[in-house]
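Scroll down for the structure; my scribbles are underneath it.
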Amino acid sequence: MTKKIVYEQPLNERIRTFLRLEFLFSQAAHHLRETSTWSSRATLASLLEILSIFGRSDLKTEVLKELERHLASLGRLETNPDIDMSRLKDVLAQLRQLNARLHELDGPVAADLKTNEFLTGIQQRSAIPGGTCDFDLPAYHHWLQQPAKQRTRDLAAWLGRFETVANAIQLILQLIRDSAVPQRVTAETGFFQKTLDPNLPCQMVRVLTSPKLPYFAEISGGRHRFTVRFMTYSETDGHAHQATQDIPFELACCII
């Protein structure tokens, strides 16, 4: 079976933030498996971006709200005889466990990292192009020369502060993605638009296409409607142009 390219568009700010964090957690985990100093730099860069997102809002509260929303909506299905009760009980148990673990966390997530002088120094210099060069941050340069085992241990410990939140976000996004079965539709001359029911809030739009399709999907939208445009970049002027033919694709509107 040919693997599809999946384009995802969040339709509210909470899911937008969760998708960004999911990306950063995955990126950090990927680089953490490698032992070079460049991989340690990449892991730390992801960690600092995660810290930056957590510094802008109370993410623990946002995640708790979403967990409780899913607990309430899925809890109502326990009396539905058409539901896979074994799977439902397993998901509800995971939600309750993560909810309890988040409530047990004292204060903001990773609060100690926000006052870590070593990390904040690197974060401040990261805003400058090339600002984390060896001569700019000798302490960082020294840390990078330590054995790979030590660097990996430090990075894993820092990232570990976010483990419960990361697991909760992963489960929430999985439930949202699994809430809709993709349907085959067509973008006429590369354009598709759909009106949404505001009483059934759509969390995310997913567009699935063949990797052989010479166009990428550009999705935009909000609570009431969304659009999908299939675009390609011109080899001559580098500008994006919309497809002129009808494009079949798969669409999932994730409402949960």
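Annotations
- Test for residue 193: is it crowded, with 18+ Cβ neighbours inside 10 Å and not assigned by TED's automatic domain parsing to the domain that holds residue 32: no
- Hey, residue 44 under 24 Å from residue 174 (Cβ atoms) and assigned by TED's automatic domain parsing to the domain that holds residue 17 or not: no
- Selection within the stretch 1-25 - in a helix (DSSP H, G or I), in contact (Cβ under 8 Å) with a residue 24 or more places away in the chain and more than 12 Å from residue 202 (Cα to Cα): 14, 17, 18, 19, 20, 21, 22, 24, 25
- Cβ-Cβ under 7 Å pairs, at least 6 apart or on other chains, the stretch 104-120 side closer than 12 Å to residue 162 by Cβ and surrounded by 14 or more Cβ atoms within 10 Å (Cβ to Cβ), far side modelled with pLDDT of 90 or more and of a type in the set (Phe, Trp, Tyr): 109/54; 109/162; 110/54; 110/162; 113/158
- Matching residues in the stretch 51-84 - criterion: being among the β-branched types (Val, Ile, Thr) and under 18 Å from residue 174 (Cα atoms): 63, 83
- Considering the stretch 104-134, and only residues there that are of a type in the set (Val, Ile, Thr) and assigned to a helix (DSSP H, G or I), the residue that is farthest from residue 168 (Cα to Cα) turns out to be 122.
- Within the set 101, 69, 76, the sole residue that is assigned to a helix (DSSP H, G or I), touching a residue at least 60 places away in the same chain (Cβ under 8 Å), among the charged types (D, E, K, R) and assigned by TED's automatic domain parsing to the domain that holds residue 51 turns out to be 101.
- Residue ID - surrounded by the fewest Cβ atoms within 10 Å (Cβ to Cβ), chosen from residues in the stretch 4-28 that are among the hydrophobic types (A, V, I, L, M, F, W, C) and in contact with a helix residue (DSSP H, G or I) (Cβ under 8 Å, 6 or more places away or on another chain): 19
- The set of residues in the stretch 228-254 that are out of contact with any helix residue (DSSP H, G or I) (no Cβ under 9 Å at 6 or more places or on another chain) and closer than 26 Å to residue 174 by Cβ comprises 228, 249, 250, 251, 253.
- Within the stretch 140-188, the residues that satisfy the criterion of being loosely packed, with under 13 Cβ neighbours inside 10 Å and not in a helix (DSSP H, G or I) are 145, 147, 181, 183, 184, 186, 188.
- Criterion violated by residue 112 - all others in (1) under 18 Å from residue 46 (Cβ atoms); (2) within 25 Å of the chain's Cα centre (by Cα) satisfied: (1)
- Identification of strands (runs of 3 or more DSSP E) wholly contained in the stretch 214-253 with 2 or more residues that are at pLDDT 95 or above and within 21 Å of residue 195 (Cα to Cα) yields 216-221, 225-233.
- Of all the listed residues (247, 255), the sole one being at negative phi and either crowded, with 16+ Cβ neighbours inside 10 Å or free of Cβ contacts under 8 Å to residues at least 12 places away in the same chain (or both) is 247.
- Of all residues in the stretch 205-245 being over 20 Å from the mean Cα position of the chain (by Cα) and acidic (Asp, Glu), the one that is farthest from residue 4 (Cα to Cα): 237
- The stretch 147-204: number of residues that are hydroxyl-bearing (Ser, Thr, Tyr), more than 30 Å from residue 44 (Cβ to Cβ) and under 19 Å from the mean Cα position of the chain (by Cα): 1
- Among residues of the stretch 79-98 being touching a helix residue (DSSP H, G or I) at 6+ places or on another chain (Cβ under 9 Å) and assigned to a loop (DSSP other than H, G, I, E, B), the one that is nearest to residue 162 (Cα to Cα) is 83.
The values are calculated or read from the model by the stated rules, or taken from the named source; none is laboratory data. Nothing here was measured: the structure is a model prediction, and the numbers come from that model. Cβ: placed from backbone, ideal geometry, glycine included. Neighbour counts: every protein chain shown.
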